[in-house]
Amino acid sequence: MSAETERSSTESCPASGLDFEDTALTLTLRLPGSSSSSAADADRKRGASSSTSPAAHQSPSLAAAGAPPAPKAQVVGWPPVRSFHKNALAAKFVKVAVDGAPYLRKVNLHDYAGYDHLIRALQDKFCSHFTIRRFGNDETKLVDAVNGTEYVPTYEDKDGDWMLVGDVPWKMFVEACQRVRLMKNSEAVNLAPRAAR
Amino acid sequence: MTYFPEEVVEHIFSFLPAQRDRNAVSLVCKVWYEVERLSRRDVFVGNCYAVRPERVVLRFPNVRALSVKGKPHFADFNLVPPDWGGYAGPWIEAAARGCVGLEELRMKRMVVSDESLELLAKSFPRFRALILVSCEGFSTDGLAAIASHCKLLRELDLQENEVDDRGPRWLSCFPDSCTSLASLNFACIKGEVNAGALERLVARSPNLRSLRLNRSVSVDTLSKILMRTPNLEDLGTGNLTEDFQTESYQRLTVALEKCKMLKSLSGFWDASPLCVPCIYPVCAQLTGLNLSYAPTLESSDLTKMISHCVKLQRLWVLDCIADKGLQVVASTCKDLQELRVFPSEFYIAGYSPVTEEGLVAISVGCPKLSSLLYFCHQMTNAALITIAKNCPNFTRFRLCILEPGKPDAMTNQPLDEGFGAIVRECEGLRRLSISGLLTDKVFMHIGRHAKQLEMLSIAFAGDSDAGMMHVMEGCKNLRKLEIRDSPFGDAALLGNVAKYETMRSLWMSSCTVTEKGCQVLASKMPMLNVEVINEVDESSEMDESHGGLPKVHKLYVYRTIAGARDDAPDFVKIL
């Protein structure tokens with residue numbers, strides 16, 4: 001019973017068929033149900049289908065269980081862990097790609113308090129010679145100081161559309177974002193124009 | 001004694017700091033009552049609805065440190081609906097009118113508004129310590145008021161509160177003249193803080209002994225701060241997730257090495273394994289370590305760190321540590337007194353790499369263990385019996401087997417005998433939480449042996465009313481009893497009504513108590529508030545059987561001299 005289980009990374013987009021190989025720092029957990037719902041709601045939603053529960057984690061006792069699974073799935077407040085603690089462990093890891101870079105990174109959106117924090121972290125992770133340039137119309141771009149290439153932060157939302165980072169309130173973004181791409185400015189012109197403020 | 005001058009009596013009382021003793025002496029005679037009440041400095045109110053704030057303030061006008069608790073413990077697990085109550089406002093208002101010498105305020109599980117914090121900040125010229133634990137209802141604007149107006153502030157300790165983050169301004173509200181901070185904990189603030197303001201605040205706080213940062217604080221800021229705080233004893237790190245450059249590591253290590261007084265370490269928000277070696281320089285001096293917010297540290301990372309922590313007395317860790325990691329703890333941490341192993345998954349029957357084997361190993365290696373909170377996948381009676389024999393010093397024993405009602409993993413029997421061994425061997429046991437498959441027998445053992453027990457938590461256990469009645473009869477020192485999803489009904493509720501007067505509170509949810517039973521209790525015991533909490537959308541889940549009487553979904557009973565409270569919401573019926 002003490003053997004460690006390989007933990008695979010969480011699905012960030014069930015329908016996309018992405019496969020979930022890992023960086024060394026694999027995501028090891030998420031709350032049951034959708035990514036940022038409260039544990040109580042998630043318990044209720046889960047029901048009998050355990051699509052969110054990786055096969056490796058099937059409790060042996062469940063397989064042998066005489067107890068019906070359905071009532072368990074709806075138990076509020078069990079296990080008895082403070083919401084603060086549950087929320088603190090909630091992780092939403094998304095892949096971050098930079099046009100032209102050979103590898104992707106993963107970031108946990110819950111680590112960041114807002115867009116500024118995220119952009120700075122992206123700067124740290126990818127290239128210390130990126131600078132952040134802010135424009136009057138609230139646009140933020142990352143600029144490669146070496147060759148002057150401008151990158152626009154974009155993200156793919158739950159509908160599969162590519163959006164400019166920064167339009168919606170931060171929490172909404174965390175909920176909707178499936179992956180992030182720092183797109184070269186030349187490509188970004190194809191995105192929908194920002195709504196007038 | 002009554003012929004002694006009052007100053008002498010007061011001086012004698014000054015050797016009795018414990019509230020219980022002071023309560024006792026105040027009953028002796030009127031003179032002693034008067035002397036005692038005017039010299040009382042610490043007041044602890046375990047249930048904010050047990051007494052009216054005005055009455056406390058009237059009796060103890062010279063109180064310096066006030067401590068108040070609000071919601072019942074099960075509120076931590078979302079079992080108490082929002083808006084139930086527990087408002088701090090009346091307490092702060094009463095204190096502002098009646099005891100302006102107040103210096104310290106501690107509140108737990110209460111609803112605190114920004115207006116109340118502002119009133120607090122402006123009403124007490126000598127105010128120096130605010131400790132809020134598991135509270136809600138306020139924002140960083142309220143903290144700004146505290147920072148701005150409390151000139152002598154020594155301690156601002158925010159533990160696991162739900163705080164509405166309105167921006168980083170609050171930290172900059174500490175005036176330049178504020179140099180008295182000894183303890184600052186803002187780990188529960190979700191948003192960013194101004195790094196410059198933080199560094200300047202630390203630089204002008206020579207008495208800083210305890211500093212707990214939040215997730216937003218970078219490694220670089222942390223390193224800079226640590227260079228200024230060589231006397232720091234307790235540190236909560238900021239963000240350790242970033243795959244930062246080697247220079248950042250080295251700076252952090254150098255900074256940590258300067259902190260020769262550092263005894264306690266926490267934070268480690270989503271810590272990356274790459275940060276672990278940074279901590280090595282201080283591991284050998286640590287007595288406290290909290291790694292429960294670091295789910296990305298695997299067992300091997302954790303054991304590498306812990307294998308250096310030979311002086312550890314208190315360890316909080318996630319179950320990622322696994323049984324083999326706990327074996328390393330057992331062989332390294334010979335002075336361990338408190339262990340908490342939290343689950344990293346919250347499925348009802350979630351997998352956990354921690355089982356009875358880990359705990360047995362701990363009990364063998366750490367005989368001083370007295371406080372335990374252990375979430376695990378499975379347990380056995382044999383293990384519990386062994387653990388009880390190895391660690392007779394338990395004062396707090398909380399075991400949570402993740403799957404409700406799970407039997408002994410080897411024998412498939414209930415875990416009655418295992419817990420029975422715990423209560424038999426551990427004569428000083430004050431707090432107990434039980435789980436797994438349990439019959440009325442376990443309660444028989446508890447009633448018979450757990451004579452010092454003050455708090456008991458029961459979930460999915462027992463067969464009949466007899467179970468609860470064993471506890472009510474036998475546990476002479478019981479103060480708090482909380483029960484959920486167990487088959488205890490009106491007979492158990494009414495079996496020993498006088499007992500409730502000796503207890504702080506009783507909580508029962510999803511049991512088989514009916515409203516009729518609650519009404520009988522209320523009418524027999526006028527000094528209790530019997531609160532029936534029924535939420536509308538839960539009614540469909542209520543069982544129609546049980547004699548056709550509607551079952552009470554949630555029941556909260558507590559002794560009080562304040563009468564029925566007037567701030568109860570619609571869904572609470574006070575009988």
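Derivation of every value follows stated rules applied to the coordinates shown; laboratory data play no part. Predicted model only: the values in this text are computed from it and were never measured. Counting neighbours? That spans all protein chains shown, and the Cβs are built from the backbone with ideal geometry, glycine included.
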Neighbourhood net charge (12 Å Cβ-Cβ; Lys/Arg +1, Asp/Glu -1) for residue B:472: 0
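Taking square-rooted eigenvalues a ≥ b ≥ c of the alpha carbon gyration tensor, is the stretch B:308-437 rounded, prolate or oblate, where a/c under 1.5 means rounded and, failing that, a/b exceeding b/c means prolate?
Details: a/c = 1.73, a/b = 1.16, b/c = 1.48.
Note, shape of the stretch B:308-437 comes out oblate.
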Estimated 222 nm signal from helices in the protein assembly as shown, with DSSP H stretches of n ≥ 4 weighted -39500 (n - 2.57), rounded to 500: -8500 deg cm²/dmol
Computed over the stretch B:398-511: relative contact order in percent, which uses C-alpha pairs under 8 Å that are six or more apart: 22 percent
Options B:527, B:423, B:28, ranked by Cα towards positive dipole end of the protein assembly as shown, top entry (Cβ charges): B:28
Chain B, relative contact order in percent, only Cα pairs under 8 angstrom and at least six apart counted: 6 percent
Under 5 Å, built H, 5+ apart or other chain: amide partners of residue A:106: A:96
Charge dipole magnitude, Cβ of K and R +1, D and E -1 - the protein assembly as shown, Cα centre, debye nearest 20: 2300 debye
Per-residue HN-Hα couplings for the stretch B:66-76 [Karplus 6.51, -1.76, 1.60; θ = phi - 60°; Hz; x = Gly/Pro]: 10, 10, 9, 10, x, 5, x, 4, 5, 4, 4
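Relative to the Cα centre, what is the charge dipole magnitude of chain B, using +1 at the beta carbon of each Lys and Arg, -1 at the beta carbon of each Asp and Glu, and rounding to the nearest 20 debye? Mind showing how you got there, number by number?
Details: 65 positive and 70 negative charges, 460 e Å.
Taking the Cα centre of chain B as origin, the dipole is about 2220 debye.
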From the C-alpha gyration tensor of chain B, square roots of 5λ in Å: 38, 34, 23
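Using the Cα gyration tensor of the stretch B:126-165, with a ≥ b ≥ c the square roots of its eigenvalues, what is the shape: rounded (a/c below 1.5), prolate (a/b larger than b/c) or oblate (neither)?
Numbers: a/c = 3.05, a/b = 1.50, b/c = 2.04.
Oblate is the answer for the stretch B:126-165, as a/c is 1.5 or above yet b/c matches or exceeds a/b.
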Options B:366, B:271, B:214, ranked by Cα towards positive dipole end of the protein assembly as shown, top entry (Cβ charges): B:366
Bins of 20 Å, starting at 0 and running to the largest distance - Cα pair percent for the protein assembly as shown: 15, 46, 34, 5, 0
Amide H within-cut-off set for residue A:154, under 5 Å, with H built and near neighbours excluded: A:165, A:181, A:182, A:183
GluC sites (Glu not before Pro) within the stretch B:419-471, DSSP loop, no more than 15 other Cβ atoms inside 10 Å: B:427
Residue (of B:261, B:249, B:237) at the positive-pole extreme of the stretch B:230-271, dipole from beta-carbon charges: B:261
Shielding score for B:372-381, defined as the mean number of other chain Cβ atoms within 10 Å: 1
Ordering of B:185-194, B:489-498, A:166-175 by packing [mean C-beta count within 10 Å, highest first]: B:185-194, B:489-498, A:166-175
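Can you order the peptides B:292-304, B:152-164 by their average number of other Cβ atoms within 10 Å per residue, highest first? Provide the component values of the computation, followed by the final result.
On the way: B:292-304: 22.0, B:152-164: 17.9.
Those peptides, ordered most packed to least, come out B:292-304, B:152-164.
Can you compute the charge dipole magnitude of the stretch B:26-147 about its Cα centre, using +1 on each Lys and Arg Cβ and -1 on each Asp and Glu Cβ, nothing else charged? Give it in debye, rounded to the nearest 20. Intermediate values should be presented prior to the final figure.
Numbers: 17 positive and 14 negative charges, 122 e Å.
Using Cβ point charges on Lys, Arg, Asp and Glu, the stretch B:26-147 gives about 580 debye.
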Other-chain or far-sequence residues with amide H under 5 Å of residue B:316's (modelled H): B:289, B:290, B:291, B:340
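Is the stretch B:234-291 best put as rounded, prolate or oblate by its Cα gyration tensor, with a ≥ b ≥ c the root eigenvalues, rounded for a/c under 1.5, and otherwise prolate when a/b is larger than b/c, oblate when not?
Details: a/c = 2.08, a/b = 1.29, b/c = 1.61.
The shape class here is oblate.
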Phi-based couplings in Hz for the stretch B:555-572 (Karplus 6.51, -1.76, 1.60; Gly and Pro marked x): 10, 9, 10, 8, 6, 7, 10, 9, x, 5, 7, 9, 10, 6, x, 4, 7, 10
Per-residue HN-Hα couplings for the stretch B:101-109 [Karplus 6.51, -1.76, 1.60; θ = phi - 60°; Hz; x = Gly/Pro]: x, 4, 10, 9, 9, 10, 9, 10, 6
Debye intensity ratio in log₁₀ form over the Cα atoms of the stretch B:83-158, taken at each q of 0.23 Å⁻¹: -1.06
